Amino acid sequence: MKLLLIILLLSPFLAGAKEKPYNLKLKAGYTQTTGNTSTRTLSLGLNFSFKKDRYENLLSGNVLYGESRGKKNIERINLKNRTQVNKQSYFYFWDIRFHRDPFRLYEQRYATGPGIGKKWIDSDKLSFSTTFYIYYYYENLSKHEPSRRKYLMYNLEQEASYRVFDNLTLSENVSLSVSDRESGDYFVNANFKAINRLSKRISLEITYRISYQNKPIEASVKKTDTFLITSLVVSF
């Protein structure tokens, strides 16, 4: 929250720069979920990037929280910071991530590690890239023994976007993650997004997200969670 407040205070100055190296997007949305939670709630998100020459830092985060009759029915937090060096069509990076989802028994989930990616297509209309990265995970689990786990995760990710019209962009991101925790343990995450630019600073964003784990922590945890998010996005 402190970081978000700092960004908000700086945003008027950043927006006034002629060639600003910063880009900030704030999101507020309405979310419908299925899986380990089945509810409707508000969501908040941000994307903040800083770029200078070949170096780039990318910060993103989203929060889902809801209560019904005084009882929490969803809580999901994702934070990610990527420090990246771009060299022609390749980019090299180091990620730091935090995840919390007690409804899937993840009390806190920390990850960090290096990666490499390549931009196969990079134009104003069409982009396509692939990345490979390795994370070291440290987890605190809720209502489970043992309550802590450490392991490596190997990740392959593909991302593409297509500008259909000047004000409409479609994008998708799919990742496959395989851990060394036990044989056959893997995760699949997919995001499909449509962005309609309403003005220079305001956009409407519709996202459909699928999160799948083939071996949940316990049998009571469902394998698949889905999220349909309709957000209003303000750019600075």
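Go through (1) among the aromatic types (Phe, Trp, Tyr); (2) buried (at least 16 other Cβ atoms within 10 Å of the Cβ); (3) part of a strand (DSSP E or B); (4) touching an Asp or Glu at 6+ places or on another chain (Cβ under 8 Å) one by one and return the number of the condition residue 128 breaks.
(2)
If you take the residues in the range 45-65 that are within 12 Å of the chain's Cα centre (by Cα) and over 14 Å from residue 83 (Cβ atoms), which one is surrounded by the most Cβ atoms within 10 Å (Cβ to Cβ)?
Out of the qualifying residues, it is 62.
Look at the range 19-29 and say how many of its residues are loosely packed, with under 15 Cβ neighbours inside 10 Å, touching a residue at least 24 places away in the same chain (Cβ under 8 Å) and over 16 Å from residue 202 (Cα atoms).
1
Among the residues of the range 44-65, is there at least one that is in a strand (DSSP E or B), in contact with a His (Cβ under 7 Å, 6 or more places away or on another chain) and in contact (Cβ under 8 Å) with a residue 12 or more places away in the chain? Step through it out loud before you land on a result.
Of the range 44-65, the ones in a strand (DSSP E or B) are 44-52, 55-65.
Subset that is in contact with a His (Cβ under 7 Å, 6 or more places away or on another chain): none.
Within the range 44-65, none of the residues are in a strand (DSSP E or B), in contact with a His (Cβ under 7 Å, 6 or more places away or on another chain) and in contact (Cβ under 8 Å) with a residue 12 or more places away in the chain.
Of all residues in the range 142-157, which are hydrophobic (A, V, I, L, M, F, W, C), out of contact with any Asp or Glu (no Cβ under 6 Å at 6 or more places or on another chain) and closer than 14 Å to residue 109 by Cα? Talk me through it step by step, then tell me what you get.
Taking the range 142-157 as the starting set, the residues that turn out to be hydrophobic (A, V, I, L, M, F, W, C) are 152-153, 156.
Within this subset, residues satisfying the condition of being out of contact with any Asp or Glu (no Cβ under 6 Å at 6 or more places or on another chain) are 153, 156.
The one that is hydrophobic (A, V, I, L, M, F, W, C), out of contact with any Asp or Glu (no Cβ under 6 Å at 6 or more places or on another chain) and closer than 14 Å to residue 109 by Cα: 153.
When the residues of the range 162-197 are narrowed to those that are under 21 Å from residue 138 (Cβ atoms) and not hydroxyl-bearing (Ser, Thr, Tyr), which ends up farthest from the chain's Cα centre (by Cα)?
182
Could you please find all residues in the range 180-192 being touching a Leu at 6+ places or on another chain (Cβ under 7 Å) and either in contact (Cβ under 8 Å) with a residue 60 or more places away in the chain or surrounded by 14 or more Cβ atoms within 10 Å (Cβ to Cβ) (or both)?
Taking the range 180-192 and keeping what is touching a Leu at 6+ places or on another chain (Cβ under 7 Å), we get 180, 186, 188.
Answer for the range 180-192, where residues must be touching a Leu at 6+ places or on another chain (Cβ under 7 Å) and either in contact (Cβ under 8 Å) with a residue 60 or more places away in the chain or surrounded by 14 or more Cβ atoms within 10 Å (Cβ to Cβ) (or both): 186, 188.
Laboratory data are not the source of any read-out in this text; all were calculated from the coordinates shown. All figures in this text were calculated on a predicted structure; none of them were measured in a lab. We place every Cβ from the backbone using ideal geometry, glycine too, and count neighbours over all the protein chains shown.
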